[in-house]
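For reference, the structure is listed below as structure tokens.
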Amino acid sequence: MVQQLIDNHGRPIHYLRLAVTDRCNLRCFYCMPAEGIDYVPKGDLMSYEEMHRLVRLGMEMGINKVRITGGEPFVRKDMIEFLEELGAMSGLSLNLTTNGTLTHHYIDRLEKLGIASVNLSLDTLDRQRFHEITRRDELPQVMETLEALLERNIRVKINAVVMKDKNIDDLVPLALLSEKHPLEMRFIEEMPFNGEGAHYPVLEWNHLRILDHLSNHLPNLEKVPDGPNATAKKFQVQGFKGTIGIIAAFSRTFCGTCDRIRVTPVGQLKTCLYDDGVFNVKNIMRAGATDEQVKTSIADAVQHRAKNGFEAEQNRRFHQPVQESMSTIGG
Ligand code: SAM
Ligand code: SF4
């Protein structure tokens, strides 16, 4: 029987974001320093069996949506087989976030396993700027992935982080992808999760400025209804096939309806992106916890959830302020 997880603020939890590795083949400016980060030893990563068990227990607690993220999921060996195993769990909406550099090899299998949506990170359509931002020259591979996903009618959302002095000229060309394609183009405020600390004293390109910029260049941009528990404020240009979203990830305007928890590659459960982890689910599994004990620990953890991302950040024990790489969290 499903016992729905509900937090101490009355918010039901339906959505688990599972980061399957901290490793990545890109070095995005907003996520990692150029020299990369110190990866955790492989034995500290959750095993596929542990992650499968976590998803199964999550479903017994009302989780019906899982997003696989990282690091880059496809740099982990046998990732597609793991996705196929999760895809076989009935009643689960399985979603993926990827940088798209390796993903084009797996489109057939993603389609077959019933992937519900793929979020593709793409911050520019210009090859030189892509190279500067990600520190790797891999735009053609990402575009191959995008084209293949669209061809198969797999639901696609594109995530672009908005960076002062880096990709502002790219916002309109990216938004125009929604003209011909039924995709959601989402612009995300840059957060200081880059492994180095905040890039700016004040975030100049916040959600309001992003909207202003887009509205000035796309006069027929209109507000359209947001999905339930959505982090993106959704817009559409009249006549376009797709939509445009703006995510106030740093301004944190959407916490009131947050329905998600996160588990990091080493098994740390986070009840908010901005907290520093509340307990380690892998460690209790390895210490022999029964299914009931794992579920009770998760249920207890969401009973101490911060009301919003500001409170969570204030309550952090280890990192003040946030600066860990997003590849150790999953976004
Ligand atoms: N490697 C995959 C990718 O890039 O899509 C999955 C992991 S990545 C950490 C997940 C998401 O986090 C990506 O959409 C990325 O753009 C976003 N992200 C990473 N660092 C960020 C930051 N500092 N601020 C805002 N979004 C960030
Ligand atoms: Fe890698 Fe994704 Fe981070 Fe870029 S955003 S460095 S692709 S984990």
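What follows draws every value from the coordinates through simple rules; no lab data is involved. Small disclaimer: the values here were computed from a predicted structure and weren't measured. FYI the Cβ positions are ideal-geometry reconstructions off the backbone, even for glycines, and counts take in every protein chain you see.
General remarks:
- Annotation note: trypsin sites (Lys or Arg not before Pro) in region 1-96 located in DSSP loop regions with a Cβ neighbour count of at most 14 within 10 Å are LYS77.
- Residues of type lysines that LYS166 reaches as a straight line, Cα spacing below 28 Å, ignoring anything fewer than 8 places off in the same chain: LYS157, LYS180, LYS223, LYS233, LYS234, LYS241
- Think of each Lys and Arg Cβ as +1 and each Asp and Glu Cβ as -1; about the Cα centre, that makes the dipole of region 15-328 roughly 540 debye.
- Once C-alpha pairs closer than 8 Å and six or more residues apart are averaged by separation and normalised to the residue number of the chain, the relative contact order reads 22 percent.
- Legend: Rg and Dmax of region 1-70, from Cα coordinates, 15.7, 48 Å.
- Of the chymotrypsin sites (Phe, Trp or Tyr not before Pro) found in region 32-126, the ones in coil according to DSSP and having at most 16 other Cβ atoms within 10 Å of their Cβ are TYR39.
- Whole-Å distance, taken between Cα centres, linking region 293-331 and region 226-245: 28 Å
- For region 38-50, the Karplus equation 6.51 cos²θ - 1.76 cosθ + 1.60, evaluated at θ = phi - 60°, returns couplings of 6, 6, 6, x, 3, x, 7, 6, 5, 7, 4, 5, 5 Hz by residue, with Gly and Pro reported as x.
- Placing unit charges on each Cβ (+1 for Lys and Arg, -1 for Asp and Glu) gives the chain a dipole about its Cα centre, and among GLY10, ALA249, HIS131 the Cα reaching farthest toward its positive end belongs to GLY10.
- Radius ratio Rg over Rh of the chain, counting only Cα atoms, Kirkwood formula for Rh: 0.94
- For region 166-234, radius of gyration divided by Kirkwood radius, i.e. Rg to Rh on alpha-carbons: 0.99
- Between helix 139-151 and the chain: long-axis angle, C-alpha atoms, 0 to 90°, nearest 10: 80 degrees
- Within-15-Å neighbourhood charge of LYS180 [Cβ basis; K, R +1; D, E -1]: -3
- Qualifying GluC sites (Glu not before Pro) in region 238-331, DSSP loop, other Cβ atoms within 10 Å at most 11: none
- Amide hydrogen proximity for ILE188: with H placed 1.01 Å from N in the peptide plane, the residues at 5 or more positions away or on another chain lying under 5 Å are ALA160, VAL161, VAL162, ILE247.
- Summing +1 for each Lys or Arg and -1 for each Asp or Glu among the other residues whose beta-carbon sits under 11 angstrom from that of SER117 gives +3.
- For the chain, the residue among ALA116, PRO192, PRO321 whose Cα projects farthest onto the positive side of the dipole built from Cβ charges is ALA116.
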